[in-house]
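Here's the structure, in structure tokens; my notes come after.
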Amino acid sequence: MHDLSRQLRALALLLDYPSEAMQTHLADLASVLGALEPDQPAPRESLRGLIDHMTAADLMDLQAEFVDTFDRGRSTSLNLFEQVHGDSRDRGQAMVDLLAQYQEVGLDLQAKELPDYLPVYLEYCSVLDPSAAREALEEVALLVAHLTVALDRRESPWVAVTAAVCRLCGVNDWRALVEQQTGQETRPPTPGPRDIQKEGLPADWTPAGLDAVWAEEPVDFLGACNPQQAKPSVQTVQFMPRAAQPHSAGV
């Protein structure tokens, strides 16, 4: 197994849900990933620092930290296509296409795994030859850069892993790549999730931000909403008194 393959598998393990088995082999992962450590890494970009943190942490606390980091907010989701497509049909088709690529190399997913889950994609790249692996990594470089920026904003220690993935993608300055892409792109290429940063909304891992990201657009049935107004006109319901009914004779 070549060095790139071993590094990709080690990074995939660090990005997966923490387990007792993974925690037991953290020293082995450190030895595999030593060559990926920058000469003078920023505090949160140190793989050694992350591994030391994961080694010292209680497993249940580490699992809770992982869930809080990656399962709250789309910007830090490890499902890459969620950043681009949200929950649209485009994401479903993209995952079908990606699953076909996995099957071509004999990679079978477990029932709970989605094709766009970053650790799965890294595992896929690890079975390719080095040239093909780097091409596959380049295809997701921008998505991983966005994820890295989001993790950095959250001051997450896992930013060290995604920054290392960026370096394997050929991106040494992930901040500059995201700034360049954000500046040139006037609108998202697909009707994906809302860009809360551009809209000035709270961060998407906060309760208010989560509500904003998942809020649905109001439904306008057959033009019931006045096109000249942002909100449909509302009329107050009025209750009319019933007319007194004449009593029949003899009652």
How many Å² of accessible area per residue for the stretch 1-124, probe 1.4 Å?
52
Cα extents of the stretch 1-185 along the principal axes, largest first, in whole Å, come to 42, 40, 32
Considering only the other residues whose Cβ falls under 11 Å of the Cβ of Leu29, what net charge follows from Lys and Arg at +1 and Asp and Glu at -1?
+2
Placing unit charges on C-beta atoms (Lys and Arg positive, Asp and Glu negative, everything else neutral), compute the dipole magnitude of the stretch 1-185 about its Cα centre in debye, rounded to 20.
180
Segment Leu59-Gln40, length gained on full extension (0.36 nm per residue, minus Cα span)
3.9 nm
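The values are calculated or read from the model by the stated rules, or taken from the named source; none is laboratory data. All values derive from a computational prediction rather than experimental measurement. In this analysis, Cβ positions are derived from the backbone assuming ideal geometry, glycine residues included, and neighbour counts consider all displayed protein chains. Protein only, heavy atoms only, side chains kept; ligands, DNA and RNA dropped before computing areas. Shrake-Rupley method; radii C 1.70, N 1.55, O 1.52, S 1.80 Å.
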